[in-house]
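*Asks:* I'd like to ask you about the structure that follows.
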Amino acid sequence: MAISLPLLLLLSSFLLLFLLPVRSSPSSDAMEELLRRVESQRSPTSVQEAAAKALLERLLPSHVSSFSFKIGKDVCGASSCFRISNIKNSSSNGPEIMIEGTTAVEVAAGFHWYLKYWCGVHVSWDKTGGSQVGSVPRPGSLPPVEDEGINIKRPVPWNYYQNVVTSSYSFVWWDWKRWEREIDWMALQGINLPLAFTGQEAIWKKVFKDFNVSSEDLSNFFGGPAFLAWARMGNLHGWGGPLSEDWLDQQLILQKQILTRMIQLGMTPVLPSFSGNVPAAFKDLFPSASIARLGDWNTVSGDPRWCCTYLLDPSDSLFVEVGEAFIKQQIKEYGDITDIYNCDTFNENSPPTNDPAYISSLGAAVYEAMSKGDNNAVWLMQGWLFSSDATFWKPAQMKALLHSVPIGKMIVLDLFADVKPIWKKSSQFYGVPYVWCMLHNFGGNIEMYGILDAISSGPIDARVSKNSTMVGVGMCMEGIEHNPVVYELMSEMAFRSQRVLVEGWLKSYSYRRYGQANTKMEEAWKILYSTIYNCTDGIADHNKDFIVEFPDYGPYFGSPQISKEDPFHKLHVKKRRFAFREIDSDRPHPHLWYSTEEVIGALKLFLDAGNDISGSHTYRYDLVDLTRQVLSKLANEVYLDVMKAYKKNDADGLLIQSQKFLELIEDIDTLLGSDDNFLLGTWLESAKALALSEKDRKLFEWNARTQITMWYDTTKVNQSKLHDYANKFWSGLLKSYYLPRASMYFSYLSTSLKKNTNFPLETWRREWISYSNSWQAGQELYTVKAKGNALAIAKTLFSKYMG
């Protein structure tokens with residue numbers, strides 16, 4: 001359908017607010033040289049134009065002839081940009097809109113920009129509702145842009161994507177078909193600097209073979225598929241393995257497909273480099289080398305089968321040999337496609353001394369290993385260490401590491417800039433170029449959360465600040481496929497020169513996401529903007545709702561949640577079966593940063609709008625997610641009511657509140673089961689689908705089940721230290737895993753109360769861990785198809801719990 005003139009005027013006037021020119025950010029000669037080098041490594045113009053056209057055909061096959069794409073260096077002078085213009089005197093079947101860009105990425109981003117702001121289109125991950133393209137007018141009727149056209153320049157050259165652990169939390173079970181959709185999404189968002197970590201174990205095997213490391217030695221070095229990210233960082237070894245030859249070969253082929261498409265679209269992939277992590281066999285093969293065994297990283301008992309990896313000291317000459325060999329092997333496999341390499345030697349692994357001179361020598365050695373393999377190498381480093389280990393990385397130590405390589409030969413990811421920006425307290429990383437990044441998500445948890453104001457202003461403030469060394473923006477979430485509003489806004493910041501007026505932007509977003517204007521949805525998004533997406537307490541959100549991260553202690557074990565003092569401030573609300581209460585912020589509890597009553601109001605608006613837009617997949621996803629959010633916060637309160645009843649020796653109250661909690665789990669499971677995007681079965685089946693043997697099928701399923709539950713090792717009476725870190729609100733997981741856990745616990749709690757005995761914590765842990773181990777090794781099937789009417793179920797649950 002054609003977009004209405006009033007809405008077109010609104011969108012156009014809104015868009016113009018952000019096209020005013022601002023001064024460009026400073027960059028060093030070395031950075032300019034990097035950009036020139038990157039240009040020389042790109043695919044020919046004809047290849048990029050063909051790749052952009054193929055993307056158009058996949059997204060909007062009905063309009064292939066409606067657009068003309070052109071790539072040229074002189075579109076906007078020296079800047080990276082896209083230009084949208086009308087094609088005059090176009091025939092009814094010919095192209096109507098011209099998109100020009102510096103690379104295919106800019107062309108794709110310009111195409112996406114036009115679809116959004118002139119055709120009301122929304123493009124999202126499939127698992128967050130997918131794309132809404134029904135609002136695009138038929139061919140021959142596309143809305144024209146202003147006569148002079150639209151030019152939009154990148155204020156900074158780079159748009160980075162991924163965290164080093166995203167490959168395990170989100171990408172691990174992907175095939176090429178899924179990767180192709182992701183790379184399309186990346187191009188449409190303007191991402192031109194993506195991490196490309198797939199398949200590196202096959203490269204490492206070839207490298208280590210030249211150092212006389214056997215396949216048997218490597219079987220206990222590489223982690224399992226779902227834990228490769230942490231084996232790569234040297235946090236663990238062997239856990240979830242071994243990797244089969246089939247897996248290694250399959251992933252290398254996949255990586256070559258990924259890199260080929262990235263290069264065709266004009267992206268600059270970031271490849272891995274050597275961080276010092278070596279197999280245990282190196283100790284025997286090179287007895288004179290300086291190899292240290294690292295300390296324990298989150299094991300329960302220090303089991304040497306996966307604990308305490310080996311780190312080759314960067315100051316050892318062998319470090320440079322291995323690092324050089326790895327870079328050269330990648331170039332041999334993939335070609336000369338990039339000069340940017342990631343290395344995080346000190347990620348959650350502090351150097352043995354805080355002596356700045358020593359730290360500087362380590363950094364210099366890491367870079368030497370890269371530059372010997374590629375003399376144009378640039379080191380891209382996650383800045384997470386400066387946040388996670390701030391007590392070690394004081395100014396002297398930071399400067400020593402950052403200045404250990406020539407300025408311009410290192411780029412730092414200010415990984416957590418959306419909450420705790422390092423650039424502000426490090427004098428712009430002491431002159432080193434950096435990328436302003438949004439971290440946002442931990443463990444791939446499902447939780448509605450965000451800081452839209454920080455996203456809309458943070459990158460702008462950093463770029464225009466005095467002596468800014470900012471060279472890009474980035475998205476560094478641990479897991480993807482959630483909170484689409486956050487990622488759409490963050491992606492736009494790669495092309496925004498001024499702050500976004502979020503409330504107006506959200507009105508446009510609502511129209512695009514659901515394919516039509518709806519006043520109730522617009523009002524609901526205003527509420528969500530001021531509540532869920534306005535987390536200003538500085539706390540990094542990691543879903544710890546009691547359903548998905550059940551407390552691993554008895555009712556009296558140092559638990560302020562069950563203090564005799566009333567930890568709640570009751571609100572004046574209508575009578576409901578379960579009243580929501582705001583929890584005192586000075587007591588430990590699952591993170592709550594907004595008024596639950598206001599969010600209930602937003603949910604009511606969602607439900608009221610349902611009859612008008614219930615056919616929208618994006619609406620259904622948002623409705624299920626918001627209802628889940630409301631009910632999970634209610635469950636937190638019910639859990640606390642269980643504990644209060646226990647303390648009061650109220651057996652009847654304990655029974656009633658326990659049943660409420662368990663009933664909520666079942667109801668949320670049913671709700672999630674009504675949308676294809678919240679199903680456990682999808683995760684498990686995608687894991688099994690990659691297996692080429694029965695042995696791998698069982699191993700991959702165990703990996704998939706373990707990552708989202710216990711994560712790491714256990715003893716008979718001690719859960720993993722990382723249990724529930726990667727928790728998920730998925731139908732099937734709630735009913736088969738979280739429900740039995742809570743049920744077991746409440747049963748022991750009830751017996752303890754009735755018999756007037758201490759809560760048998762160890763007995764409960766023993767039974768629960770045994771159940772979990774069996775579940776992780778299980779092979780029962782879970783559905784991959786949604787069941788039920790999401791709107792009807794959400795309305796029923798709203799009436800049941802909030803009516």
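*Asks:* Is it the case that region 678-701 has a residue that's outside any helix (DSSP H, G or I), in contact (Cβ under 8 Å) with a residue 12 or more places away in the chain and crowded, with 21+ Cβ neighbours inside 10 Å?
*Replies:* yes
*Asks:* Return yes when SER79 is small (Gly, Ala, Ser), more than 29 Å from GLU478 (Cα to Cα) and in contact with a Lys or Arg (Cβ under 6 Å, 6 or more places away or on another chain) and no when it is not.
*Replies:* Taking the combined requirement at face value, the residue satisfies it.
*Asks:* Also: Being within 18 Å of the chain's Cα centre (by Cα) and open to solvent by 10 Å² or more (accessible area, probe 1.4 Å) is the requirement here; does ASP184 meet it? If you could, list the steps in order and put the result at the bottom.
*Replies:* Numbers: within 18 Å of the chain's Cα centre (by Cα): yes; open to solvent by 10 Å² or more (accessible area, probe 1.4 Å): yes.
Taking the combined requirement at face value, the residue satisfies it.
*Asks:* Go through (1) within 15 Å of SER750 (Cβ to Cβ); (2) surrounded by fewer than 20 Cβ atoms within 10 Å (Cβ to Cβ); (3) touching a residue at least 24 places away in the same chain (Cβ under 8 Å) for SER614 and report which single condition fails.
*Replies:* (1)
*Asks:* Follow-up. Limited to region 75-87, what total is found for residues that are open to solvent by 20 Å² or more (accessible area, probe 1.4 Å), at pLDDT below 95 and under 25 Å from MET186 (Cβ atoms)?
*Replies:* 4
*Asks:* Among LEU10, LEU35, which is the only one that is out of contact with any strand residue (DSSP E or B) (no Cβ under 6 Å at 6 or more places or on another chain), at pLDDT below 70, open to solvent by 40 Å² or more (accessible area, probe 1.4 Å) and not in a strand (DSSP E or B)?
*Replies:* On the way: LEU35 fails: at pLDDT below 70.
Every option except LEU10 fails the conditions.
*Asks:* Could you list all residues from region 649-676 that are closer than 19 Å to TYR553 by Cβ and not hydroxyl-bearing (Ser, Thr, Tyr)? Quick ask: steps written out before the conclusion?
*Replies:* Filtering region 649-676 for residues closer than 19 Å to TYR553 by Cβ gives 654, 657-658, 661.
Matches in region 649-676: LEU654, GLN657, PHE661.
*Asks:* For residues that are assigned to a helix (DSSP H, G or I) and touching an Asp or Glu at 6+ places or on another chain (Cβ under 9 Å), tally how many sit in region 713-749.
*Replies:* Looking only at that region, the number is 8.
*Asks:* May I ask you to say which residue of SER273, SER219, SER214, SER244 is under 17 Å from ASN163 (Cβ atoms), of a type in the set (S, T, N, Q) and open to solvent by 10 Å² or more (accessible area, probe 1.4 Å)? Talk me through it step by step, then tell me what you get.
*Replies:* On the way: SER219 fails: under 17 Å from ASN163 (Cβ atoms); SER214 fails: under 17 Å from ASN163 (Cβ atoms); SER244 fails: under 17 Å from ASN163 (Cβ atoms).
Matching residue, one of SER273, SER219, SER214, SER244: SER273.
*Asks:* Moving on to the next point. Taking the condition of being more than 15 Å from MET490 (Cβ to Cβ) and either open to solvent by 10 Å² or more (accessible area, probe 1.4 Å) or in a loop (DSSP other than H, G, I, E, B) (or both), how many residues in region 151-168 meet it? Give the steps one after another, and end with the answer.
*Replies:* Residues of region 151-168 that are more than 15 Å from MET490 (Cβ to Cβ), as a first pass: 151-153, 157, 164-165, 167-168.
Checking which are either open to solvent by 10 Å² or more (accessible area, probe 1.4 Å) or in a loop (DSSP other than H, G, I, E, B) (or both) leaves us with 151, 153, 157, 164-165, 167.
Counting residues in region 151-168 that are more than 15 Å from MET490 (Cβ to Cβ) and either open to solvent by 10 Å² or more (accessible area, probe 1.4 Å) or in a loop (DSSP other than H, G, I, E, B) (or both) gives 6.
*Asks:* Checking the structure you have, find out if any residue of region 594-605 is surrounded by 19 or more Cβ atoms within 10 Å (Cβ to Cβ), at pLDDT below 95 and touching a Lys or Arg at 6+ places or on another chain (Cβ under 6 Å). Don't jump to the end; show me each part of the working.
*Replies:* Here is the first cut: in region 594-605, the residues surrounded by 19 or more Cβ atoms within 10 Å (Cβ to Cβ) are 594, 596, 599-600, 602-603, 605.
Then keep just the ones that are at pLDDT below 95; that gives none.
Scanning region 594-605 turns up no residue that is surrounded by 19 or more Cβ atoms within 10 Å (Cβ to Cβ), at pLDDT below 95 and touching a Lys or Arg at 6+ places or on another chain (Cβ under 6 Å).
*Asks:* Would region 510-527 turn up any residue that is open to solvent by less than 10 Å² (accessible area, probe 1.4 Å), of a type in the set (A, V, I, L, M) and closer than 30 Å to TRP174 by Cα?
*Replies:* The answer is no; no qualifying residue exists.
*Asks:* For region 753-769, which positions are touching a residue at least 12 places away in the same chain (Cβ under 8 Å), over 30 Å from LEU679 (Cβ atoms) and in a helix (DSSP H, G or I)?
*Replies:* Once the filter is applied, which keeps residues that are touching a residue at least 12 places away in the same chain (Cβ under 8 Å), over 30 Å from LEU679 (Cβ atoms) and in a helix (DSSP H, G or I), region 753-769 yields LEU753, LYS754, LEU761, GLU762, THR763, ARG766.
*Asks:* Moving on to the next point. Scan region 780-797 and report the pairs whose first residue is at negative phi and of a type in the set (Val, Ile, Thr) and whose second residue is surrounded by 15 or more Cβ atoms within 10 Å (Cβ to Cβ) and in a helix (DSSP H, G or I), with Cβ atoms within less than 7 Å and a gap of 6+ or a chain change.
*Replies:* If the second residue must be surrounded by 15 or more Cβ atoms within 10 Å (Cβ to Cβ) and in a helix (DSSP H, G or I), the pairs left are THR783/GLY681; VAL784/GLY681; VAL784/THR682; VAL784/GLU685; ILE793/THR670; ILE793/LEU671.
*Asks:* Give the residue, chosen from GLY240, GLY223, that is closer than 16 Å to LEU699 by Cβ, of a type in the set (Gly, Ala, Ser) and in contact with a Pro (Cβ under 8 Å, 6 or more places away or on another chain).
*Replies:* Among GLY240, GLY223, only GLY240 is closer than 16 Å to LEU699 by Cβ, of a type in the set (Gly, Ala, Ser) and in contact with a Pro (Cβ under 8 Å, 6 or more places away or on another chain).
*Asks:* Any chance region 124-144 includes a residue that's open to solvent by 20 Å² or more (accessible area, probe 1.4 Å) and in a helix (DSSP H, G or I)? Give the derivation first.
*Replies:* Keep residues of region 124-144 that are open to solvent by 20 Å² or more (accessible area, probe 1.4 Å), which gives 126-127, 131-134, 138-141, 144.
Restricting the remaining residues to those that are in a helix (DSSP H, G or I) gives 126-127.
Yes.
*Asks:* Restricting the search to region 451-467, which residues are among the aliphatic types (A, V, I, L, M), open to solvent by less than 10 Å² (accessible area, probe 1.4 Å) and under 23 Å from TRP593 (Cβ atoms)?
*Replies:* Keep residues of region 451-467 that are among the aliphatic types (A, V, I, L, M), which gives 451-452, 454-455, 460, 462, 464.
Within this subset, residues satisfying the condition of being open to solvent by less than 10 Å² (accessible area, probe 1.4 Å) are 452, 455, 462.
Residues satisfying the conditions are LEU452, ILE455.
*Asks:* Please go through (1) assigned to a helix (DSSP H, G or I); (2) surrounded by fewer than 19 Cβ atoms within 10 Å (Cβ to Cβ); (3) more than 26 Å from the chain's Cα centre (by Cα) for LEU664 and return the number of the only condition it doesn't satisfy.
*Replies:* Here LEU664 meets the rest and fails (2).
*Asks:* Across region 88-116, what is the total count of residues that are surrounded by 16 or more Cβ atoms within 10 Å (Cβ to Cβ) and not in a strand (DSSP E or B)? It would help to see each step written out before you state the result.
*Replies:* At the first step, the residues of region 88-116 found to be surrounded by 16 or more Cβ atoms within 10 Å (Cβ to Cβ) are 90, 95-116.
From the residues that got through so far, the ones that are not in a strand (DSSP E or B) too are 90, 95-96, 102-116.
Qualifying residue count, region 88-116: 18.
*Asks:* Would you be able to say whether some residue in region 492-502 is assigned to a helix (DSSP H, G or I), in contact with a helix residue (DSSP H, G or I) (Cβ under 9 Å, 6 or more places away or on another chain) and surrounded by fewer than 24 Cβ atoms within 10 Å (Cβ to Cβ)?
*Replies:* At the first step, the residues of region 492-502 found to be assigned to a helix (DSSP H, G or I) are 492, 502.
Okay, now just the ones that are also in contact with a helix residue (DSSP H, G or I) (Cβ under 9 Å, 6 or more places away or on another chain), so 492, 502.
Checking which are surrounded by fewer than 24 Cβ atoms within 10 Å (Cβ to Cβ) leaves us with 492, 502.
Yes, region 492-502 contains a residue that is assigned to a helix (DSSP H, G or I), in contact with a helix residue (DSSP H, G or I) (Cβ under 9 Å, 6 or more places away or on another chain) and surrounded by fewer than 24 Cβ atoms within 10 Å (Cβ to Cβ).
One line per residue, one yes/no per condition, for (1) outside any strand (DSSP E or B); (2) closer than 18 Å to ALA109 by Cβ:
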site: PHE171; (1), (2): yes, no
site: ARG178; (1), (2): yes, no
site: ARG181; (1), (2): yes, yes
site: PRO194; (1), (2): no, yes
site: PHE197; (1), (2): yes, no
site: ALA202; (1), (2): yes, no
site: LYS206; (1), (2): yes, no
site: GLU216; (1), (2): yes, no
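*Asks:* I'd like the full set of residues that are small (Gly, Ala, Ser) and closer than 25 Å to ALA691 by Cβ, limited to region 148-176.
*Replies:* Taking region 148-176 as the starting set, the residues that turn out to be small (Gly, Ala, Ser) are 149, 167-168, 170.
Within region 148-176, SER167, SER168, SER170 meet the criteria.
The values are calculated or read from the model by the stated rules, or taken from the named source; none is laboratory data. This one's a predicted model, so the numbers in the text were calculated from it and none came from an experiment. Note that each Cβ is placed from the backbone with ideal geometry, even for glycine, and that neighbours are counted across all protein chains shown. Just so you know, the surface numbers come from the protein's heavy atoms only, side chains and all, with ligands and any DNA or RNA stripped out. Shrake-Rupley method; radii C 1.70, N 1.55, O 1.52, S 1.80 Å.
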